Amino acid sequence: MLRVKLESGFSYVAEPVAPYSFGLTVRKPAGWALFTPFEEFGGETVWTALHVADVLAGVRLRSLGSIEHPKIEVGIFTRRPLVGARRQRVVDTLHNRLGFGSDLKPFYDFARKDAILKHTVDDLYGMRDTSPASIFPDATLAILLQMTTLKRSNQMMDSVIRRYGRVAEFNGWRVRVWPTPERIAKLTQSQLARECNLGYRARSLVGLARKLVEDGGPTMEELDAAGPEEAKRRLMELPGLGDYSSDIVSPHGGFPIDVWSAQVFGKLFYGRDYACGRETVESVKREGLRRWGRWSWLSFFYVVQDLESLARKMGMQLRLE
DNA sequence: GCGTCCAGGTCTACC
DNA sequence: GGTAGACCTGGACGC
């Protein structure tokens with residue numbers, strides 16, 4: 001375990017575009033982490049940490065406003081003082097990944113006319129999609145979700161972060177951070193497989209890390225600029241990332257249907273008695289893309305965060321553990 | 001206890 | 001271009 005003391009810090013108050021639900025965004029109902037599964041919460045404050053390019057940043061976020069008048073105090077902690085362009089890059093990246101500048105209203109206008117989505121946007125009003133500053137954390141997550149149970153996926157993720165991620169110490173807290181591709185690229189497949197019980201996924205993970213280090217990308221900024229189709233094409237060129245994983249990683253979002261989510265969305269689209277297996281994943285995905293088009297990712301995101309309430313309102317069982 | 005099956009995909013060889 | 005089969009591991013299940 002490598003601890004890094006982040007003793008240089010600054011803070012300011014940001015005003016995201018409303019509506020912005022701080023609580024639903026930093027602690028999502030389905031348990032999805034903001035930047036790392038090891039972040040800490042206390043009242044209206046979260047302590048988290050992430051890598052922004054070569055900077056390890058500890059981040060404290062504190063809500064000072066409301067959903068309609070959001071104000072968030074942002075504290076950023078680093079090992080050395082951040083100045084000039086480096087400081088601006090960290091701030092801009094953080095704001096971008098927290099969705100401070102995005103406007104939910106066009107999606108809400110669309111969703112309120114949809115028989116399924118109208119419930120979710122009422123339940124989760126102001127919740128933002130968030131993403132890491134680089135593709136490696138989500139790509140690792142996607143690879144570790146492949147062909148196993150959720151329980152084992154979580155065990156593998158926990159093991160990889162504990163063994164190879166650094167610990168950011170700042171503001172009185174310790175937060176474990178996702179490992180960098182540089183760290184994983186130095187390992188052998190057999191070493192990673194043995195130490196973290198990854199099985200065949202170790203090959204994908206080491207291959208991905210080495211490719212990202214050798215090529216220096218693609219970065220989130222490059223994929224943002226590339227557009228949805230080009231971003232997905234570039235992601236699918238990377239080891240271990242296929243159609244499903246690329247939809248998870250892309251900053252444009254996709255409609256990442258796997259066997260589990262095909263059961264959920266199949267019931268929502270076709271009725272409570274819909275039964276599906278691996279062979280129906282493609283047809284459920286096509287139907288979702290047909291219904292929701294450019295809003296497919298946000299639709300997917302809102303539905304999976306709202307399963308309990310949605311199941312009640314739609315009169316069906318949606319939690320399929 | 002022990003053997004078998006299969007799970008929140010991807011890749012490759014083969015046709 | 002499409003498709004069957006292999007792939008780590010561990011928990012569930014039947015016997």
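Structure notes:
- Extension gain for the segment residue A:130 to residue A:213, taken as residue separation times 0.36 nm less the Cα-Cα distance, is 27.5 nm to one decimal.
- Mean separation of Cα contacts under 8 Å, 6 or more apart, over the residue count of chain A: relative contact order %: 18 percent
- The magnitude of the dipole of chain A, with charges of +1 and -1 set on the Cβ of Lys/Arg and Asp/Glu and taken from the Cα centre, is near 720 debye.
- Tensor-based shape of chain A (alpha-carbon gyration tensor, a/c under 1.5 rounded, otherwise prolate or oblate): oblate
- The range A:189-311: C-alpha gyration tensor shape, a/c 1.5 cut-off, then a/b vs b/c: oblate
- Among A:77, A:41, sorting on how many other beta-carbon atoms sit within 10 Å of each Cβ, with the fewest leading, yields A:41, A:77.
- Dipole magnitude for the range A:1-131: about 460 debye, using +1 per Lys or Arg Cβ and -1 per Asp or Glu Cβ, origin at the Cα centre.
- Residue-averaged [θ]222 nm for chain A, counting only DSSP H segments that reach four residues, each worth -39500 (n - 2.57): -13500 deg cm²/dmol
- Lys/Arg +1, Asp/Glu -1 at C-beta; the range A:1-152 dipole; positive extreme among A:47, A:111, A:65: A:47
- The count of lysine pairs in chain A with alpha-carbon distances below 19 Å, taking only pairs 8 or more places apart or on different chains, stands at 14.
- Hz values of 3J(HN,Hα) by residue in the range A:96-105 - Karplus curve (6.51, -1.76, 1.60), Gly and Pro given as x: 4, 6, 8, x, 4, x, 7, 10, 7, 4
- Here the Karplus curve 6.51 cos²θ - 1.76 cosθ + 1.60, taken at θ = phi - 60°, turns the phi angles of the range A:186-200 into couplings of 7, 8, 8, 4, 5, 5, 5, 4, 5, 6, 10, 6, 7, x, 5 Hz, with x standing for Gly and Pro.
- When the range A:140-268 is described by a simple charge dipole with +1 on each Lys and Arg Cβ and -1 on each Asp and Glu Cβ, the residue from A:212, A:257, A:196 located farthest towards its positive end is A:196.
- Footprinting exposure proxy for A:95, A:69, A:119, A:51 (fewest neighbouring C-beta atoms within 10 Å first): A:69, A:95, A:119, A:51
- Shape call, the range A:145-216: gyration tensor on alpha carbons, a/c limit 1.5: oblate
- Each Lys or Arg adds one and each Asp or Glu takes one away; over the other residues whose Cβ falls under 14 Å from the Cβ of residue A:35, this sums to +3.
- The range A:241-321: relative contact order as a whole-number percent, Cα under 8 Å and 6+ apart: 28 percent
- Table column - 3J(HN,Hα) (Hz), the range A:229-246, Karplus curve with 6.51, -1.76, 1.60, x for Gly and Pro: 6, 5, 4, 5, 4, 5, 5, 6, 7, 7, x, x, 9, x, 4, 5, 5, 5
- Less than 5 angstrom separates the built amide H of residue A:28 from none of the residues sequence-distant by 5 or more or on a different chain.
- Coil-residue GluC sites (Glu not before Pro) of the range A:219-284, DSSP, other Cβ within 10 Å capped at 15: A:237
- Pair residue A:237, residue A:4: separation of 7 Å Cα→Cβ label points (nm): 2.8 nm
- Residues whose amide H lies under 5 Å from that of residue A:10, counting only those 5 or more places away or on a different chain, are A:76; hydrogens are built 1.01 Å from N in the peptide plane.
Throughout, read-outs are computed from the coordinates displayed, never taken from laboratory work. Quick caveat, the model's predicted, so the values are computed rather than measured. Reconstructed Cβ throughout: ideal geometry from the backbone, glycine too, with neighbour counts over all protein chains shown.
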